[in-house]
1. Residues that are β-branched (V, I, T), outside any helix (DSSP H, G or I) and touching a strand residue (DSSP E or B) at 6+ places or on another chain (Cβ under 6 Å): does the stretch 18-39 have at least one?
2. Going through the stretch 140-151 one residue at a time, which ones are in contact (Cβ under 8 Å) with a residue 60 or more places away in the chain and either open to solvent by less than 60 Å² (accessible area, probe 1.4 Å) or touching a Pro at 6+ places or on another chain (Cβ under 7 Å) (or both)?
3. Across the stretch 82-95, which residue is nearest to A55 (Cα to Cα) among those that are hydrophobic (A, V, I, L, M, F, W, C) and open to solvent by less than 10 Å² (accessible area, probe 1.4 Å)?
4. Limited to the stretch 43-80, what total is found for residues that are on the phi > 0 side of the Ramachandran plot and either of a type in the set (S, T, N, Q) or within 15 Å of the chain's Cα centre (by Cα) (or both)?
5. Can you name the number of the only condition in (1) open to solvent by less than 40 Å² (accessible area, probe 1.4 Å); (2) in contact with a Leu (Cβ under 9 Å, 6 or more places away or on another chain) that F98 fails?
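The values are calculated or read from the model by the stated rules, or taken from the named source; none is laboratory data. Quick caveat, the model's predicted, so the values are computed rather than measured. Cβ atoms come from the backbone with ideal geometry, glycine included; neighbour counts cover every protein chain shown. Surface accessibility is based on the protein's heavy atoms, side chains included, excluding ligands, DNA and RNA. Shrake-Rupley method; radii C 1.70, N 1.55, O 1.52, S 1.80 Å.
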Amino acid sequence: MSGVFKNILLLLVSIVVSFGVLEAGSRFIFPVQYGHSFITMDGTADITLSQDLLALTPSITFRQKTHEYDKVTTHTAAGFRGPMTPDNPDIIFIGDSFTYGTGLSDEETFAYLYCRETGKECANLGRIGSGTVRQIDILEHFMAQESWRPREIKLVMLAMTSALMAGNDLMDNIGESRWKYQ
């Protein structure tokens, strides 16, 4: 019986060591790097986007940069991400970084692609790191301040409960609700 136990133990140790070697090798080939930078177009300086809860830094073009991507990003004069609409949009997209298009150029966001394909005037009011509470505040701001009366409003929320960044949309809502209603 002790021979069977030793063999099982040897198998388990071998599996653990193998996974350890594979993990170390994968980190060498594909290093894990967190975060991204917002930098000037010439790459010489970091920029800070507006901390305003309702509007992004207006009339700015910059680069979103990580080791995985380097994408040009534009904010309109009204302080939202393209697609740019001159006036009252037909469709407003609200959501977090997925809607904003983190890691994507202006022409790669799903809001831009949708509006290009449908021929409708749209506005992308997505905000990085926001929950639905803040997104509704942003929507109300643009409807009140800009007198927008869209035909459609598309709220995009990824309600994951298990995965990388698990439940971040749901957790953003909990945090914002506490902040707003205290």
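1. Keep residues of the stretch 18-39 that are β-branched (V, I, T), which gives 21, 29, 32, 39.
Remaining after also requiring outside any helix (DSSP H, G or I): 32, 39.
Retained after the next criterion (residues that are touching a strand residue (DSSP E or B) at 6+ places or on another chain (Cβ under 6 Å)): 39.
So far as the stretch 18-39 goes, yes, one or more of its residues are β-branched (V, I, T), outside any helix (DSSP H, G or I) and touching a strand residue (DSSP E or B) at 6+ places or on another chain (Cβ under 6 Å).
2. Restricting attention to the stretch 140-151, the residues satisfying the condition of being in contact (Cβ under 8 Å) with a residue 60 or more places away in the chain are 141-142, 146, 148-151.
Result: H141, F142, W148, P150.
3. The qualifying residue nearest to A55 (Cα to Cα) is I94.
4. Our first condition is that a residue be on the phi > 0 side of the Ramachandran plot; within the stretch 43-80, this holds for 43, 59, 79.
From what's left, either of a type in the set (S, T, N, Q) or within 15 Å of the chain's Cα centre (by Cα) (or both): 59.
Counting residues in the stretch 43-80 that are on the phi > 0 side of the Ramachandran plot and either of a type in the set (S, T, N, Q) or within 15 Å of the chain's Cα centre (by Cα) (or both) gives 1.
5. Single failed check for F98: (1).
Listed here are the residues, each with its yes/no results for (1) more than 19 Å from the chain's Cα centre (by Cα); (2) outside any helix (DSSP H, G or I); (3) at pLDDT 90 or above.
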{"residue": "I92", "(1), (2), (3)": "no, yes, yes"}
{"residue": "E107", "(1), (2), (3)": "no, no, yes"}
{"residue": "Y114", "(1), (2), (3)": "no, no, yes"}
{"residue": "A123", "(1), (2), (3)": "no, yes, yes"}
{"residue": "R127", "(1), (2), (3)": "no, yes, no"}
{"residue": "S130", "(1), (2), (3)": "no, yes, no"}
{"residue": "M165", "(1), (2), (3)": "no, yes, no"}
{"residue": "R178", "(1), (2), (3)": "yes, no, no"}
{"residue": "Q182", "(1), (2), (3)": "yes, yes, no"}
